[in-house]
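Trainee: I have a structure here, written as C-alpha cells, and I will follow up with some questions on it.
The values are calculated or read from the model by the stated rules, or taken from the named source; none is laboratory data. These numbers come from a predicted model, not from an experiment. FYI the Cβ positions are ideal-geometry reconstructions off the backbone, even for glycines, and counts take in every protein chain you see.
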Amino acid sequence: MNKFFITIYFLISGTVAMAQIGRQPGASQRRPVAPKPDEISYLNPKEYIIGGTTVTGTEFLDKDILVQISKLTKGERIEVPGEATANAVKFLWAQGLFDNIELSITDTREDTIFFNIAVTERPRLTRIDLKGMRKSETSDIREKLDDRKGKIVNEGLLSTTTAIIKKYFNEKGYLYTDVKYNQKKDNAQSNDVVLEVIVDKNEKTKIKDISFAGNSKFKDKELKKLLKKTKEKSTLNIFRSAKFLQDKYEEDKRTMIAKMHDKGYRDAEIVKDTLILNPDKTISLALTVYEGPKYYFGDVTFAGNAIYSTADLTRMLGINKGDVFSEEKLQKKINGNPNGEDVSSLYLNNGYLTFNADPVQTRVHGDTIDVEVRIYEGPLYTINKVTLKGNDITNDRVVMREIRTKPGDKFNKDLVVRTTREIAALGNFDEQKTDVRPTPNPADGTVDIEYTVVEKPSDQIELSGGFGGGRIIGTLGLTFNNFSARNLFNLKEWKPLPKGDGQKLSIRGQTNGKAYQSYNFSFSEPWLGGKKPIYFGVSAFTSLQSNQYFSDIADADIQRIRLNGLTFSLGQRLKWPDDWFRINHSVNLQQYKLKNYPGFLFNTGTSYNFNLTQEISRNSVDAPIYPTSGSHIRLTVQATPPYSLFNNINYRTAVDADRYKYTEYHKWKFEAQWYQRIYGKLVLKTQAQFGFLGQYNSAVGQSAFERFKLGGDGMQGFDFLQGSEVIAMRGYENNSVIPEGSNPNIARSSGSPIFNKYIVEFRYPVTTSQQATLFLLTFAEGGNTWNNFKDFNPFNVHRSVGVGARIFLPIFGLLGIDYGWGFDPIPGIQSSKGQFHFSMAQQLNGGF
C-alpha cells in the first residue's frame, strides 16, 4: 500500500472528546486529514499490530520517551479506531509540554499499522523579570517564584504565578492587582524564553462600608468599634485608615467574637462574611452574626481542694452568682491575673508548683451556667538547687545576690518573676532572653531552678562634637557598667578593663579650648562589702567657663566661673512598706568661683554649697530601657545648714562676699511615673514633676544656685555645671519657660525657684533586640515656672504636643529626637511654633 497520511479524527465513540481532555486551554486545534473510507471504518474497527511509531517536531525532548508515554509501542495489538489512539493523545497532553499534537497513520501493511506523532514543543523558562514593584517587593516575590526556572511555560505556570503575586499583594491590602506577561526568546538556538511579568498594584484597597446582619443586642456601631484595625471610610475622621488588610481583618473577626463572648454571649459566631468588590475599586464587607442568648454565672463550686477552703478560693476568684458569664474572666481569675490576684498564684506562691485547675461547665439551665472548678493541688515543693548559666563575663555572685529563690525555701512564683526583673535591672543581660526553668523532683518534693542569661554589651562611649557658647565643643565620655575595682591591679583581668563585679565607672570630658572645660568622674558599688544591698557612690567634677577665647584679653574684661564638686552617696533597700523602696543619703560639697560673671545674684566672689540630700524612692518598673508596667516614685529633699541663723551677719546690709559665701537653701523635688500596657505592645507613660527651692531667712533671699530651668531638650551642657537643674519640655526653646512678667534675659540665665510639669506619652516599640531598642512615641506636655508660692498654680501651664523616637544602643546609651509644637507663646522669647529636640545619653526614665 502506498504511504499516505491519515489524521485520526475521532468522530465516533467519543474519541474526539477523549483526545481533547488532555489539551491545554488555548492550544491550537489538530488539523484533520480525511481518512480513506476503504481503509479505516469507524463502524467496523479493525485489529492491528503496531509496526512502529515515529515522532516529528521535537527539538529538545527524547522521542523514545514520548513513544513510551503514548503507549503506541511496537508489537502492541490495538483496535483502530479505538481507545488506544485516543489515550495516546490524552497521555501526551497530560505532560503539559506541547502547544499542538497530531496523531496520523503513515502506513498499513495487512494487519500491521504505523503511526507518526507530530508535536509543537512549548518553551522553557530561563528567568522571570519582575517589573512595576519596589525593590523589597521584588525581592520577596522572587523568593516565592525561585523554583520556576527550567519549567515549561504553559497556562498552568502563568496562572499559578499570577495567583502567588496577587496573594502577596492582597495580604498587603492591594485587592485590585493586575498581572500581565510578555514572553521573549532568550536564545535563538534554543527553546528558552524570558518571562517578563508586569505588575500594577494599583492603590491600596479602601473599605467603603461595613454592614452587619443578624445582630440585635449589639448595635452596628459597637461591632464596628470592635474591629479595631478594619475601619470603613469616614468623612468626619480624615486620619482614620480605611485600608483593608486580610490578616488584620481575620484577627479583628476573632477579637470581635471573643469580646461578644466576654459580654455573656458565649454562642456568638460569624455565620457568614462576604467581601464585595465595588466598581470604584473599593470593597464592602458584609458580616452576618449569630448572637444567641446572654448567659450568667450560676453556682461556682470547687472540687479537690484541701489546702485552702472553698470560702478562701471563692473570695480569691471574685465571681458571684448572677455575674455576666465570661470564660475569659473565669480563666484570668483562675490562672492569669497580671497582678497575681488569682487562684493559681495563691498556690504557686506557697510551694504548690504542680497545681492545676480545670473549670468545667456542669449545667446549663436557661440563661444560667453552673461551673465546677476541679483542682489538683499536688505536693508542696521546696527549692533544692538554684543554678545560673550564661554569665560569661559577670561574676556568679553579682547575679546570685539578686536571686530571691533560695535553697530550702518554698517555691514562690512571685519571687521567680521578681528575680528576673532584678537581673534585668543589672543592665548586663538581654532581658528578652532571660529564661527560668523549674525542674520538679516528685520523688522527694523538691524543685531545681535554673536561670539562663545572655550577656549583652553594657559599656557606653560618648564621642561627639557640637556647637555651644559660640564655639565648637568636643566631648569624650566612657562609662563602664560592669566594672571590677578589686581587679584593677590584676593585669590578666584587663579585657580591656577589669569587668564582672557590677560596679559602675564613668569618666567624661568636654571642652572647646580655653573658654570652656569640664571633667567628671564617678564610681558606684551597688553592694558595699558584697553581703548586703548597700549602695556606695563617689563623684567629682571640675569645670571652667569664661570669655577668654584669646590670650590678649584684658584682665578687667575677663568673665569666668570655676566650679568644683565632690559627692559621697550611701543607700540601701528597705523592707517596709515593701521591698521596692530604697533610701539614699548624699553629702555634697561644691565651690563656685566667679569673676565678673553675669547671670547670678552676684558677679564676683566665691561661694560654697555644702548640703545633705535624702532621697526615698519606689521603683517597680518591669524593665529599665522600655518599661511596660510598674511605677517609679521619688521624693528628694536637699538642704544646707541655716548659716544665717547663727553666724551673726546682718544680711540686710551685708555685702555680696558675706551674703553669698555660704549658700543656704532647702530644696524639695517630687517625681512620679506610671507605665501601663494599653493594647498589644502600645504603652502609656504618665509623669508628674514638681520642684521647689526654699529659703530659711527672707533677709538672705533665694539661693543664687540650684534653681530650675524649664524648656527644651533637657541636655545639661553648661547649665548643669553652673549649678542649675535643666528640665526638658519639648515644644519650647531651651530655658524658655520663665515666670510670667519676668525679664527674659535674667530669668533664662538664673532659673526659677518653682516648677511643675506633666507628661502623657504613648510609646510603641519597633524593635527590642539585644543590639538595639527602638521605640516611637507621641506626647502631650504641660509645665510652668514661678518665682514665689503665692503665684503658684499647678493648672496654669504652657502646653505642647508632638512626636518622637528613641533608640538605645548599648555602646552609646539612649539617643532621641522629638518634634514638639508649643501652643502658648512666651513674651519676648517664643511664639507658637514647632521645635526639633535632640538628646543623647540622658536618663532612661526622663527624671531628675
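Trainee: For the stretch 301-312, what are the residues that are modelled with pLDDT of 95 or more and either closer than 22 Å to residue 260 by Cβ or aliphatic (A, V, I, L, M) (or both)?
Mentor: Once the filter is applied, which keeps residues that are modelled with pLDDT of 95 or more and either closer than 22 Å to residue 260 by Cβ or aliphatic (A, V, I, L, M) (or both), the stretch 301-312 yields only 303.
Trainee: In this structure, does residue 341 turn out to be touching a residue at least 40 places away in the same chain (Cβ under 8 Å) and either among the charged types (D, E, K, R) or loosely packed, with under 15 Cβ neighbours inside 10 Å (or both)?
Mentor: no
Trainee: Now a separate question. Taking the criterion of being part of a strand (DSSP E or B) and in contact (Cβ under 8 Å) with a residue 12 or more places away in the chain, would at least one residue in the stretch 712-719 satisfy it? Even if it seems obvious, please write down each step before you answer.
Mentor: Filtering the stretch 712-719 for residues part of a strand (DSSP E or B) gives 712.
Imposing the further condition that a residue be in contact (Cβ under 8 Å) with a residue 12 or more places away in the chain reduces the set to 712.
Looking for residues that are part of a strand (DSSP E or B) and in contact (Cβ under 8 Å) with a residue 12 or more places away in the chain, one finds at least one in the stretch 712-719, hence yes.
Trainee: Give the residue, chosen from 222, 196, that is acidic (Asp, Glu), more than 32 Å from the chain's Cα centre (by Cα) and surrounded by fewer than 18 Cβ atoms within 10 Å (Cβ to Cβ).
Mentor: So the residue among 222, 196 that is acidic (Asp, Glu), more than 32 Å from the chain's Cα centre (by Cα) and surrounded by fewer than 18 Cβ atoms within 10 Å (Cβ to Cβ) is 196.
Trainee: Kindly list, by first and then second residue, each pair from a residue in the stretch 438-449 that is closer than 17 Å to residue 349 by Cβ to a residue that is part of a loop (DSSP other than H, G, I, E, B) and among the polar types (S, T, N, Q), limited to pairs with Cβ atoms under 6 Å and residues at least 6 apart or on different chains.
Mentor: Partner pairs satisfying both residue conditions: 449/405.
Trainee: Being without any contact (Cβ under 8 Å) to a residue 40 or more places away in the chain and out of contact with any Pro (no Cβ under 8 Å at 6 or more places or on another chain) is the filter here; which residues of the stretch 77-115 pass it?
Mentor: Across the stretch 77-115, the qualifying residues are 77, 78, 84, 88, 95, 110.
Trainee: Step by step: first the residues of the stretch 743-782, then only those that are of a type in the set (S, T, N, Q), closer than 22 Å to residue 808 by Cβ and part of a strand (DSSP E or B), then the one that is modelled with the lowest pLDDT. Which residue is that?
Mentor: 768
Trainee: Another question, if that's okay. Could you go through the stretch 633-650 and let me know if any residue there is at pLDDT below 90 and in contact with a Ser or Thr (Cβ under 8 Å, 6 or more places away or on another chain).
Mentor: no
Trainee: Looking only at residues in the stretch 838-848 that are surrounded by fewer than 16 Cβ atoms within 10 Å (Cβ to Cβ) and either of a type outside the set (S, T, N, Q) or not in a loop (DSSP other than H, G, I, E, B) (or both), which one is modelled with the highest pLDDT?
Mentor: The qualifying residue modelled with the highest pLDDT is 838.
Trainee: So which strands (runs of 3 or more DSSP E) stay within the stretch 246-331 end to end and still have 1 or more residues that are among the β-branched types (Val, Ile, Thr) and within 38 Å of the chain's Cα centre (by Cα)?
Mentor: Per the criteria, 269-277, 283-290.
Trainee: Would you point out which residue out of 663, 640, 653 is within 23 Å of residue 571 (Cβ to Cβ) and of a type in the set (Ser, Thr, Tyr)?
Mentor: 640
Trainee: OK, next. Does the stretch 83-107 hold any residues that are touching a strand residue (DSSP E or B) at 6+ places or on another chain (Cβ under 9 Å), over 30 Å from residue 125 (Cβ atoms) and either surrounded by fewer than 20 Cβ atoms within 10 Å (Cβ to Cβ) or not assigned by TED's automatic domain parsing to the domain that holds residue 46 (or both), and which are they?
Mentor: Across the stretch 83-107, the qualifying residues are 84, 106, 107.
Trainee: Pairs, please: C-beta under 8 Å, at least 6 apart or cross-chain, first residue surrounded by fewer than 14 Cβ atoms within 10 Å (Cβ to Cβ) and of a type in the set (Lys, Arg) and in the stretch 267-284, second at pLDDT below 95 and not in a strand (DSSP E or B)?
Mentor: Final answer for the pair search is 281/176; 281/202; 281/203; 281/205.
Trainee: Moving on. Kindly indicate the residue of the stretch 783-816 that is part of a strand (DSSP E or B) and charged (D, E, K, R) and also farthest from residue 740 (Cα to Cα) among those meeting that condition.
Mentor: Among those that are part of a strand (DSSP E or B) and charged (D, E, K, R), it is 806.
Trainee: Right, something else. In this structure, is residue 128 within 30 Å of residue 198 (Cβ to Cβ), assigned to a helix (DSSP H, G or I) and either at pLDDT 85 or above or out of contact with any Pro (no Cβ under 7 Å at 6 or more places or on another chain) (or both)? Explain how you work it out, then say what you get.
Mentor: Working: within 30 Å of residue 198 (Cβ to Cβ): yes; assigned to a helix (DSSP H, G or I): no; either at pLDDT 85 or above or out of contact with any Pro (no Cβ under 7 Å at 6 or more places or on another chain) (or both): yes.
No; evaluated as a whole, the condition is false for this residue.
Trainee: Another one. Looking at the stretch 374-399, I want the residues that are free of Cβ contacts under 8 Å to residues at least 60 places away in the same chain and have a partner that is of a type outside the set (Ser, Thr, Tyr) and in a loop (DSSP other than H, G, I, E, B) with Cβ atoms under 6 Å, at least 6 apart or on another chain. Which pairs are those?
Mentor: 378/355; 399/391
Trainee: A further question on this structure: Starting from the stretch 817-837, take each residue that is part of a strand (DSSP E or B) and list its partners that are among the acidic types (Asp, Glu) and surrounded by 14 or more Cβ atoms within 10 Å (Cβ to Cβ), counting only C-beta distances under 6 angstrom and pairs at least six apart or across chains.
Mentor: From residues that are part of a strand (DSSP E or B), the pairs are 830/733; 837/713; 837/818.
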